[in-house]
Each structure stands twice: as structure tokens, then as C-alpha cells.
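Since the structure comes first, as C-alpha cells, the remarks are kept for the end.
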Amino acid sequence: MAEDLKRYIFRLMSKVDGLYGIAITDRDGVPVLKVSNENAPELALRPGFLVTFSMAADQGSKMGLGKNQRIVCMYSAYQVVHFNKAPLMVTLVANSTANTGMILSLEDELTDALQDLRQAVDVA
Amino acid sequence: MEKELDKHLEETMSNHGVLGTLCADHHGMCLGAKGSVSTEAAGMVTRLSELAGQLDPSSEEDPIICVESDASTLMIKKHDDITMAIHKAKVPT
């Protein structure tokens, strides 16, 4: 199943030009599933980096605007899009010139794929 | 901040047959949307205009893309960093 899911996520990646990697982690940044190509910056897919978005999402939810759903971070060379799908976190790393709107439109398809993975991290 | 853009989108909507309109930036992020065109279409609209532009790289002007269905037409045009989409009902003949 994991291999099927990886292949599916890899196919999703190819839908957006410049999308280099997708990482699905738990709240602590521990990777559940990671898919990337050779252009993905290795540091951006490490738990130490990914967990910062989980913390940012928690803080963002305290601003009185409701639950934080997405974070988009633009850097000079890359962009990082983060979906809060508690208890899972989905992080997408792409080139800074990639189409952010197209990356955001992957959310629905990724959400469908996450249903089975949720059970792996859900605490009873 | 977006009042001016909103006003222009409203004016576009007031044209006969216009069902929806959308304005997106070069990142595919929606700047404004009215009517039948969803904000989620911003990324795809921008990407379509980029791809169409690649068909004739030597052309100085960006092409106008028309996506036609039985009942309506979606017209997309890019100008500098902004992409506009207008969804118009087809006039029955």
C-alpha cells in the first residue's frame, strides 16, 4: 500500500512544474511518507525543518481567525506550502517560480490520499 | 486595498452575458473573483495562459484563450503579470 501511495503522490507531483517534493509527517515532524525528486533541497525535507510549520500552524490558530489551514512561505529560490491536516502535516517544496495556485489546488487530492495514513498517527 | 480591482470586476460583471470573472497574479494566486468563476481556478487559469504563450514564443503579445462548452465560454488573457478570466454565457442563435 505504501508503494501505491508513493506512486500516487509522485504522479500528483508531476502535475505542477517545479514541484520538487511532498512530505507527509506527524505533528512532530516525523516523516510518514516522503516523495521527492533530485531537485528537492535535502534540508527542507528533514524533520527539524518540517516541524517548524507544525508549530507555526499551532501559533497561527491562536490569532482569533480560526484554525490555520495553510501556510505559504516564499524564499528566493524555493517556496514551501504547508497544509494542516491534523494529526498529519503535508509539506510541499517547489521552485520559487512554480505556480502557487496549482500547488494549493493539490490539497483536495492529497486529502483523499491521507485517509488511510491518518490511522497510523491517530492516538486512540 | 482591493477596492479598485473589486470595482473593475463588478463593472465587468455588469456586462450582458458575463457569468463570472477572475483576476490572478503570476503566482496563480487569486486577486479577485466574482460570480461563477471560483477562486480555486486561479492557478489553472494562470497556467493555461502560460502554456498557450509557449505555443508562439516569438509573438509580442500574449494570446487570448477561449475554452468553449455547450452553454458558455471562458476567455483568458494575460497582460504583464496579471491574468484575467471572463466566463460568458453563449448567446443562443
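Here are some notes:
- Take the conditions (1) farther than 16 Å from A:Thr111 by Cα; (2) of a type in the set (Asp, Glu); (3) free of Cβ contacts under 8 Å to residues at least 24 places away in the same chain; A:Asp17 misses just one of them, which is (3).
- If you go through segment B:42-78 and pick out every residue that is small (Gly, Ala, Ser) and farther than 17 Å from A:Asp17 by Cα, you end up with 5.
- Some residue of segment A:60-81 being surrounded by 14 or more Cβ atoms within 10 Å (Cβ to Cβ), free of Cβ contacts under 8 Å to residues at least 40 places away in the same chain and over 15 Å from the mean Cα position of the chain (by Cα): yes
- Some residue of segment A:89-109 being of a type in the set (Asp, Glu), touching a residue at least 40 places away in the same chain (Cβ under 8 Å) and out of contact with any Lys or Arg (no Cβ under 7 Å at 6 or more places or on another chain): yes
- For first residues located in segment B:12-38 and without any contact (Cβ under 8 Å) to a residue 40 or more places away in the chain and within 11 Å of another protein chain (Cβ to nearest Cβ), partners that are of a type in the set (S, T, N, Q) and surrounded by fewer than 17 Cβ atoms within 10 Å (Cβ to Cβ) and lie 6+ apart or on another chain with Cβ distances below 9 Å form the pairs B:His27/A:Thr97; B:Cys30/B:Ser38; B:Cys30/B:Thr39.
- Residue, most open to solvent (accessible area, probe 1.4 Å), within segment B:48-62, restricted to residues that are within 14 Å of another protein chain (Cβ to nearest Cβ) and more than 14 Å from the chain's Cα centre (by Cα): B:Gln54
- Qualifying residue in segment A:39-48 (condition: more than 30 Å from B:Asp81 (Cα to Cα) and surrounded by 16 or more Cβ atoms within 10 Å (Cβ to Cβ)): yes
- The set of residues in segment B:1-47 being in a loop (DSSP other than H, G, I, E, B) and open to solvent by 60 Å² or more (accessible area, probe 1.4 Å) consists of B:Met1, B:Glu2, B:Ser14, B:Asn15, B:His16, B:His26, B:Met29, B:Ser36.
- Look at segment B:49-60: where a residue is modelled with pLDDT of 90 or more and a partner is part of a loop (DSSP other than H, G, I, E, B) and open to solvent by less than 80 Å² (accessible area, probe 1.4 Å), sitting 6+ places away or on another chain with Cβ atoms under 7 Å, you get B:Ser49/B:Asp62; B:Ala52/B:Pro63; B:Gly53/B:Asp62; B:Gly53/B:Pro63.
- Identity of the residue in segment A:93-116, within 12 Å of the chain's Cα centre (by Cα) and away from chain B (no Cβ under 13 Å), that ends up surrounded by the fewest Cβ atoms within 10 Å (Cβ to Cβ): A:Thr111
- Boolean, B:Leu74 is free of Cβ contacts under 8 Å to residues at least 40 places away in the same chain and either buried (at least 17 other Cβ atoms within 10 Å of the Cβ) or of a type in the set (Ser, Thr, Tyr) (or both): yes
- Among (1) within 14 Å of chain A (Cβ to nearest Cβ); (2) in contact with a helix residue (DSSP H, G or I) (Cβ under 7 Å, 6 or more places away or on another chain) - the single one B:Ile82 does not satisfy: (2)
- Of the residues examined, A:Leu88 is one that is crowded, with 20+ Cβ neighbours inside 10 Å and either more than 14 Å from chain B (Cβ to nearest Cβ) or within 16 Å of A:Val32 (Cα to Cα) (or both).
The values are calculated or read from the model by the stated rules, or taken from the named source; none is laboratory data. Quick caveat: nothing in here was measured; it's all calculated off a predicted structure. All Cβ positions, glycine included, derive from the backbone under ideal geometry; neighbour counts span all protein chains shown. Side chains are part of the model used for accessible areas, which takes the heavy atoms of the whole protein and leaves out ligands, DNA and RNA. Shrake-Rupley method; radii C 1.70, N 1.55, O 1.52, S 1.80 Å.
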